[in-house]
Amino acid sequence: MGREIERRFLVSGEGWRAGVSASSRLSQGYLAREEGVTNRVRIAGDAAALTIKGPGGLVRPEYEYSLPMAEAREMLLLLCAGRRLVKTRHTVPHGGLAWAVDVFEGPLAGLVLAEVELPDPAHEINLPPWAGGEVTQDPRYANAVLASAALPPEG
């Protein structure tokens, strides 16, 4: 079974920028979201994928499949209206892990989130100084929710 083990944090300040090792602009949209299961189409550079994620917080089932670029573009345009977002993902190595810092665009401009995938749920992490409050269990910060352009309140 595929699975994702991930923690997510708000980002505080700009200190993360000095450690960026790679960046990629992502366009993604959500085909469906029901009872914690999400179906996402993502274009990142010259690659496109369909991802199915199950319910959960820190640990959840995840399956990903390559898509032809033309089909991914059509799906984003025709099937994801009102459930799309664009962000630039920056890879920032820290503490032996590759952190992903997402800088959102459009209605979500100003929101910056960091996530880190872990090898197991009990894996200890060394938080970088720019990691703010943890939002792993806060559904308002799930990309599927953010894609509806409802910016979560500060908190």
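We did not get these values from a lab; they are worked out from the coordinates using the rules stated. As the structure is a prediction and not an experimental result, all values here were calculated from the model. Note that each Cβ is placed from the backbone with ideal geometry, even for glycine, and that neighbours are counted across all protein chains shown.
Given the choices (1) 60; (2) 23; (3) 35, percent of Cα pairs over 26 Å apart derived from the coordinates of this structure is entry (2). Comparing L78, L58, L97 in a Gaussian network model of the chain (Cα springs below 10 Å), the most mobile by mean-square fluctuation is L78. Within the chain, what's the longest run with no GluC sites (Glu not before Pro) in a DSSP loop and at most 16 other beta-carbon atoms within 10 Å? Give the range, please. For GluC sites (Glu not before Pro) (loop position, at most 16 other Cβ atoms within 10 Å), the longest site-free span of the chain is 36-104.
Here the stretch 84-102 is scanned for amide nitrogen atoms under 18 Å from the site 7 Å beyond the Cα of A22 along Cα-to-Cβ, giving 87-102.
Restricting to Cα pairs below 8 Å that are 6+ residues apart, what does the relative contact order work out to for the chain? Please round to a whole percent.
Relative contact order for the chain comes out at 31 percent.
Relative to the longest principal axis of the Cα atoms of the chain, the long axis of helix 69-79 lies at roughly 80 degrees.
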